[in-house]
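The values are calculated or read from the model by the stated rules, or taken from the named source; none is laboratory data. For clarity, every value in this text was computed on a predicted model and none was experimentally measured. No Cβ is skipped: glycine too gets one built from the backbone with ideal geometry, and neighbour counts run over all protein chains shown. Keep in mind that these areas ignore ligands, DNA and RNA; they rest on the heavy atoms of the full protein, side chains included. Shrake-Rupley method; radii C 1.70, N 1.55, O 1.52, S 1.80 Å.
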Amino acid sequence: MDEEPLIRWDWIGRNWPNIQSLLADHVVMAVLPVVFALLIALPLGLASVRWRWLYQPTVGVMNVVYSLPSLAVFIVLIPVTGLAERATVIVPLTFYALAVLIPAVVDGVASVPAHVRQSAVAMGFRPLRRLVSVELPIAVPVVLAGVRVATVSSISLVSVGALVGRGGLGYLFIDGWQRQFPTPIVVGIVLVVLLAVAADGLLVAAQRVLTPWSRARRAA
Amino acid sequence: MAVVAGAAALGARSARSHVITFDGVTKRYADGTVAVNDLHLEIPTGEITVLVGPSGCGKTTSLRMVNRMIDASEGKILLDGVDVQTIDPPTLRRGIGYVIQQAGLFPHRKIVDNVATVPYLLGWDKRKARTRAMELLERVGLDAGLAERYPFQLSGGQQQRVGVARALAADPPVLLMDEPFSAVDPVVRADLQDELIRLQNELNKTIVFVTHDIDEAVKLGDRVAVLRVGGTLAQVDDPETMLARPADDFVREFLGGDRGIRRLSFVPADLPLRGDLTVPIDAEVSEAAGAAASSAVSWLAVVDGEGRPRGWVSTEGLPPAGKVADLRLLPYGTFEVNGGSLRSALDAALLAPSGCAIAVDADGKVAGVATREELARATAKVAADGAAQPAPAEQAAQSEQAVPAEGAGRG
């Protein structure tokens, strides 16, 4: 009897359209949570900087959410968002990303050197303009570092959604495991890793473009 | 019409003096700490006033109350007679230049945009703001090629120059400088100080400069205000007067050693010069011997064909023949005849075996020689002038003694 090969290229060829649509679904479910989380983390983080007492409770709640097993959360959400729906995956992943991004925003704003903030005040910046044109731009490298972590972990976590019927490339793992057929599993792993590497590379490139001024500082 | 009147009012405002008045200003924090205590101080227009004192004397707090980075608890600060409390802080600050210790440049903006910060805030057209920024970079001695760089690509001294350029960008009449040069090494610091003096000669801003370094205060200040811990004013005077007559032991101690010598920096070297104590380098030795004999001196200053000093020669034990150029030339020192201080003249004399100082003009050509006797006479006169008025501390000591003496007399 022939040993089942690790990869059967003909299978990939036959299932390519299906793999493509799983990949697209995976990208959407991985990226949207990070985008939503960033939109929520910015005001929440800035509020935590403005009102220091807000920070600890916010982070505390986020850490508790982060500690919940993802599968459990998916299952709890099924009655609300529906089985095999994108939202069932996107909502929890948004919370996970928030747990990373809120501290990133707070640390980013805290990374603005005191003498820079002070000189902005002394030049006559009003608070809103100071935030938008001095503090936030300087916070970008730290916030982007958080976005990178959130994005990569989000890409990997989407797969778990396969257990509730919507997991993007995660479907390939279940499919391969149920049929004792390694090819889909290998394809899934390779694509998830490639996706993570590509997303991270894009973010690094974005950072280069957005913050040419911070390159040497990080090297130093 | 209204516009014209407004412009006229602005013109009148900028033509007016830019006096800053501290009128009984106190800063008390919530925990009861008093940083500044009942400060009365007039900061005159077009001058550098240095606030100096040990840490905890409230000098930085005083400075920051001027542009309302900190608000006073009691008293008033008047800018041209207007209470700063009545001005909206951002508006007030855009009209006052501010330089801080680490320059505080925006790391994410190019140098030219850093300098143009306040013009941008004031809503200037971008091109006009950048043109102005380029002018200022040149004015503070920075290469135009640095304009497109980011702050991290500049040295500490260069960053500090950018900080000064940025503070000057909107041409504010008043400049606040908070220990601006204390984070750079001594050589760069001296450069920056000289640059500030040069700039101030061109710009005549009203500058309040905070430092803990008394030498910096004495070098830069037209007037120096010494503050003591607890935020009270110990003495305000021009540096020379302060060195000559410190108000009390605290100021005396704060001024440190060498007060007498340092004071000579402020005394112009108006010394009678002798023209007969020089000899051209291409002269015969016999001419030098003759000149020395007729002036009854044993030293002559050797001058080259362009009138520049070359050294001293001893006229004792001269060889019978030969050229002055072949004699051993001994070290010399020079001072500038116009604008040089008595201290620089004394220094020049101490560098020469003759004990005399060579006076040179602005081109470095010899103008004459100041002899030991004239230097001694000049320093003696300075000493006499200093002693003419008793030091305030001594007056105080005398009046304190007078009380028990009187009491004793009655008893």
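Structural remarks
- Total accessible area lost when B and A pair, probe 1.4 Å, Å² to nearest 100: 2100 Å²
- Chain B - share of DSSP beta bridges that are antiparallel (%, nearest 5): 55 percent
- Between B:337, B:224, B:210, the GNM of chain B built on Cα springs shorter than 10 angstrom shows B:337 fluctuating the most.
- Threshold 10 Å², the range A:103-118 residues less accessible with all protein chains present than alone (1.4 Å probe): A:115, A:116, A:118
- Hydrodynamic radius by Kirkwood, which averages 1/r over all alpha carbon pairs of the range B:59-143, in angstrom: 14.7 Å
- The coefficient of translational diffusion for chain A, derived via Stokes-Einstein from the alpha carbon Kirkwood radius under 37 °C and 0.692 mPa s, stands at 169 µm²/s.
- MRE, 222 nm, helices only [DSSP H, n ≥ 4, -39500 (n - 2.57), over chain A, to nearest 500]: -26500 deg cm²/dmol
- Inter-chain Cβ neighbour count for B:107-117, averaged per residue, equals 4 (cutoff 10 Å, partner chain atoms only).
- Extreme residue, positive dipole direction of the range B:17-266, given options B:187, B:84, B:123 (C-beta unit charges): B:123
- Computed label-point distance, nm, for sites residue A:11 and residue B:80 using a 7 Å Cα→Cβ extension: 8.3 nm
- Calculated mean residue ellipticity at 222 nm for chain B: -12000 deg cm²/dmol, from DSSP H runs with n ≥ 4 weighted as -39500 (n - 2.57), summed, divided by the residue count and rounded to 500.
- In whole percents, the pair-distance distribution calculated for chain B from its alpha-carbon pairs, binned every 20 Å from zero, is 22, 42, 28, 8, 0.
- In chain A, the portion of solvent-accessible area held by carbon and sulfur atoms comes to 71 percent [1.4 Å probe, whole percent, DNA, RNA and ligands not counted].
- Residues in the protein assembly as shown average 48 Å² of solvent-accessible surface per residue, probe 1.4 Å, ligands and nucleic acids excluded.
- The range A:74-170 - convex hull of alpha carbons, volume per residue in Å³: 98 Å³
- Of all beta bridges that DSSP places with both ends in the protein assembly as shown, some 55 percent have antiparallel geometry.
- In degrees, nearest ten, helix B:285-295 long axis to first principal axis of chain B (Cα): 70 degrees
- Kyte-Doolittle mean at least -1.0, axial Cα span of 15 Å or more - DSSP H helices of chain A: A:9-50, A:55-67, A:70-81, A:86-110, A:136-158, A:182-210
- Burial of 50 Å² or greater, the range B:141-173 residues [accessible area, probe 1.4 Å, versus chain by itself]: B:152
- Relative contact order (%) - criterion: Cα under 8 Å, at least six apart; region: chain B: 14 percent
- Debye-formula intensities of the range B:278-381, expressed as log10 I(q)/I(0) at q = 0.14, 0.15 Å⁻¹, are -0.51, -0.58 (one equal scatterer per alpha-carbon, no solvent).
- Peptide B:87-99 has a mean shielding of 3, counted as Cβ atoms of other protein chains within 10 Å of each residue's Cβ.
- Listed residue (A:162, B:302, B:231) projecting farthest to the positive dipole end of the protein assembly as shown, Cβ model: A:162
- Cα lying deepest toward the dipole's positive end in chain A, options A:92, A:152, A:105, charges on Cβ: A:105
- Pairs exceeding 30 Å between alpha-carbon atoms, taken from B:126/B:219; B:27/B:126; B:59/B:126; B:27/B:205: B:126/B:219; B:27/B:126; B:59/B:126.
- Each Cα pair under 8 Å and six or more residues apart adds its sequence gap; the mean of these over the residue count of the range B:278-381 is a relative contact order of 22 percent.
- Charge dipole (debye, nearest 20) of the range B:17-266; +1 at Cβ of Lys and Arg, -1 at Cβ of Asp and Glu: 760 debye
- Principal axes of the protein assembly as shown: Cα extent on each, largest first, Å: 126, 80, 65
- Whole-percent carbon and sulfur share, accessible surface of chain B, 1.4 Å: 51 percent
- Remark: the range A:1-83 is approximated by an ellipsoid whose semi-axes, taken from the C-alpha gyration tensor as √(5λ), come to 41, 16, 13 Å, largest first.
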